[in-house]
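K.L.:
Below you'll find the structure I mean.
The values are calculated or read from the model by the stated rules, or taken from the named source; none is laboratory data. These numbers come from a predicted model, not from an experiment. As a convention, Cβ positions derive from the backbone with ideal geometry for all residues, glycine included, and neighbour counts pool all protein chains shown.
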Amino acid sequence: MSILSRRRFLGVSAAVPLALYGNVRGNGPDLLAEPAPPERAVPDCLIVDAGEHCTLRESLTGFKRGLAAASIRFESVAVEAVQPAGLIVVPGATLNSPGLAQAMHRLCSLGNTVLYESGAAYSEREAFAIEQQQLRNTFGLLVEAPAELWRARPGSNRPSYVHYRWPLRVMVRDFSRIIPVSGEASEVARLDDLRVACRSQVRRGTFVFLGSPLGPHLGCGDPDAQSLLKAFWPASRSLDNTDSP
Amino acid sequence: MKKSIGDNMIPQGWSFEQGLELIKKSGYDGVELWLGDVPWFQMNTTDAQVQELLSKVGSAGLVVSNVSTGLHWDTPLSARDPKVRAQAARIVERQLETAQLLKTDAILVVAGLVTEEVPYNEVYQRCVEAMQSLGETAAKAKVKIGCENCNSEQRFLMSPREFQTFLKDVDRPYVGIHLDVGNIHDTGFAEQWIEIHGPNITRIHLKDVKKHRGRCGEQSVYTNLFLGDNNWPAIHAALQKVGYDGWLVAEMEDRYHYAKDQQFYDTAVAIDRLVAGRL
């Protein structure tokens, strides 16, 4: 009789619910290979509708349009129904409850890439404060209060551009408000001297934080935003949890 | 065609009733009510108070030609902030509700505002979506939404063909154009807008314009009928060609330094001559 070590037992326990969906990225222990569960393809991409926590609904629509335009197969699901996928996108949300943050952390831990686009700059101050706390406690990210780009620079009369450096070097127009972010994470994008997007390793997966909304630009067909989204998809597959720049 | 003028033209300090009396005496058939622009008609004006307004309009021998608003300049349907957009939609809904109460079948909406901050593509997308949704509400209310062409100030839908494409993209029978012949400035010719939009015109705003783009405070390019650069015989002919028989609504700026009520009389006579083609 073989005896499971504590570590191996915990690994099996954690993987069991996901095994129901088959072909989990990061692959579970061999013990799960037999008997084979019914095949259910892991979707290329999941769009998570955060319901009442989705502050920017147009961002949700925008990501769907962008994915459809890029011919990336996606499913739209509620937070409770999130399952492993090639790329998991949470558009325009505010982390004002622990449930969503924990769900995203769990998915990252299991080897998924979660792209979280914050809509908290458009939520109430109290809700933002909770998001700030959740990001710090769950992902070790330090976010500052939203900056109003156009009011902060009266008379400047020019758009500012978010300079993405990963997974593609591209400039996307600002969306009036940004959430600066710092912490132990690799830079994804910057606006002037502020880091507004980053990615961090969470166990076997990756958490990408976008502090400047991308979805609305996708919704109105911005070609650079579209290129960026198309680049996120293969990047999320090749990451396999190496955090190279 | 019937003549109307906005209640926002009523001289400051005059009551609504005094204004209605002036409008009637100067020869108009109806009055355009401006939600949010006059003290008697605000977002918090109750249904009962709106019905009182209708009663006063009726007592003056007039009817309400349409419900307009300038509130969307500060609260645009194209705003990035979803809370602002929700409020903007609520304003349109209130216009539709009050139009029903006031027994008219058209409202005016400034559909979107292109700014340095909020670029054209975003504004277009949001306005199409907003109008598709509000167009459904309008159909239920049987009140048409007329999106106004505010070409130079709105920096949106600058040509008649582009406006036509917008309406096709919206694709709702209860969404049309509230055509302002004074808003075209030097970007085109009012008579061509009339020809292109014909049956989609919900109401027509009348004023004249100097063919210089934009405005600059008191140096406004807008002026009284026949004092500007519009080709009024061509406008008359285009109205005849498309068979427009609806409301002509005077929307002037306050240009009279003295005897402000005289602007009502002069404008009414000018509209009569436009309708008769005595130009």
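K.L.:
Please work out if A:E52 is under 24 Å from A:A129 (Cβ atoms) and without any contact (Cβ under 8 Å) to a residue 24 or more places away in the chain.
P.N.:
Values: under 24 Å from A:A129 (Cβ atoms): yes; without any contact (Cβ under 8 Å) to a residue 24 or more places away in the chain: yes.
When the stated conditions are applied, A:E52 passes them.
K.L.:
Between a residue in the range B:233-258 that is farther than 14 Å from B:Y222 by Cβ and any residue that is acidic (D, E), which pairs come within a Cβ distance under 6 Å, given they are 6 or more apart or on different chains?
P.N.:
Note: pairs meeting the criteria are B:A234/B:E191; B:I235/B:E191; B:A238/B:E191; B:A238/B:E195; B:V249/B:E32.
K.L.:
Are any of the residues in the range B:204-216 surrounded by fewer than 15 Cβ atoms within 10 Å (Cβ to Cβ), among the acidic types (D, E) and more than 14 Å from every other protein chain (Cβ to nearest Cβ)?
P.N.:
No: zero hits.
K.L.:
Of the conditions (1) in a helix (DSSP H, G or I); (2) in contact with a helix residue (DSSP H, G or I) (Cβ under 7 Å, 6 or more places away or on another chain), A:A68 satisfies every one except a single condition; which number is it?
P.N.:
Only one criterion is unmet by A:A68, namely (2).
K.L.:
With respect to A:L214, determine if the residue is surrounded by 20 or more Cβ atoms within 10 Å (Cβ to Cβ), at pLDDT 95 or above and more than 29 Å from B:T115 (Cα to Cα).
P.N.:
Against the criterion (surrounded by 20 or more Cβ atoms within 10 Å (Cβ to Cβ), at pLDDT 95 or above and more than 29 Å from B:T115 (Cα to Cα)), A:L214 does not qualify.
K.L.:
Only one of these is in contact with a helix residue (DSSP H, G or I) (Cβ under 9 Å, 6 or more places away or on another chain), surrounded by fewer than 18 Cβ atoms within 10 Å (Cβ to Cβ) and within 20 Å of B:L179 (Cα to Cα): B:G27, B:G70, B:G61. Name it. Don't jump to the end; show me each part of the working.
P.N.:
Values: B:G27 fails: within 20 Å of B:L179 (Cα to Cα); B:G61 fails: within 20 Å of B:L179 (Cα to Cα).
The conditions single out B:G70.
K.L.:
A further question on this structure: Kindly evaluate B:I194 against the criterion of being free of Cβ contacts under 8 Å to residues at least 60 places away in the same chain, within 16 Å of B:S68 (Cα to Cα) and not basic (K, R).
P.N.:
No; evaluated as a whole, the condition is false for this residue.
K.L.:
Hey, can you tell me all the residues within the range A:48-84 that are of a type in the set (A, V, I, L, M) and either under 14 Å from A:E117 (Cβ atoms) or touching a Pro at 6+ places or on another chain (Cβ under 8 Å) (or both)?
P.N.:
Going through the range A:48-84, the residues of a type in the set (A, V, I, L, M) turn out to be A:48, A:50, A:56, A:60, A:67-70, A:72, A:77-79, A:81-82.
Within the range A:48-84, A:V48, A:A50, A:L56, A:L60, A:L67 meet the criteria.
K.L.:
Mind listing whichever residues of the range A:141-163 are modelled with pLDDT of 95 or more and either in contact with a Pro (Cβ under 9 Å, 6 or more places away or on another chain) or over 24 Å from A:H217 (Cβ atoms) (or both)?
P.N.:
A:L142, A:V143, A:E144, A:A145, A:P146
K.L.:
Sticking with this one: Go through (1) under 22 Å from B:V109 (Cα atoms); (2) modelled with pLDDT under 95; (3) touching a helix residue (DSSP H, G or I) at 6+ places or on another chain (Cβ under 8 Å) and name the single condition B:N224 misses.
P.N.:
Of the numbered conditions (1) under 22 Å from B:V109 (Cα atoms); (2) modelled with pLDDT under 95; (3) touching a helix residue (DSSP H, G or I) at 6+ places or on another chain (Cβ under 8 Å), the odd one out for B:N224 is (1).
K.L.:
Further question: On the basis of being closer than 29 Å to B:P233 by Cβ, touching a strand residue (DSSP E or B) at 6+ places or on another chain (Cβ under 8 Å) and of a type in the set (A, V, I, L, M), does B:L179 make the cut?
P.N.:
Details: closer than 29 Å to B:P233 by Cβ: yes; touching a strand residue (DSSP E or B) at 6+ places or on another chain (Cβ under 8 Å): yes; of a type in the set (A, V, I, L, M): yes.
Yes; evaluated as a whole, the condition is true for this residue.
K.L.:
Does at least one position in the range B:34-43 carry a residue that is part of a helix (DSSP H, G or I) and surrounded by fewer than 22 Cβ atoms within 10 Å (Cβ to Cβ)?
P.N.:
no
K.L.:
Can you find a residue that is surrounded by fewer than 18 Cβ atoms within 10 Å (Cβ to Cβ), of a type outside the set (V, I, T) and either touching a strand residue (DSSP E or B) at 6+ places or on another chain (Cβ under 8 Å) or within 13 Å of chain B (Cβ to nearest Cβ) (or both) anywhere in the range A:110-122? Can you show your working first?
P.N.:
Step one: list which residues in the range A:110-122 are surrounded by fewer than 18 Cβ atoms within 10 Å (Cβ to Cβ), which gives none.
No, there is no match, as no residue in the range A:110-122 is surrounded by fewer than 18 Cβ atoms within 10 Å (Cβ to Cβ), of a type outside the set (V, I, T) and either touching a strand residue (DSSP E or B) at 6+ places or on another chain (Cβ under 8 Å) or within 13 Å of chain B (Cβ to nearest Cβ) (or both).
K.L.:
Output the residue which, of all residues in the range A:172-214 that are among the polar types (S, T, N, Q) and within 14 Å of chain B (Cβ to nearest Cβ), is nearest to A:S160 (Cα to Cα).
P.N.:
Here the residue is A:S176.
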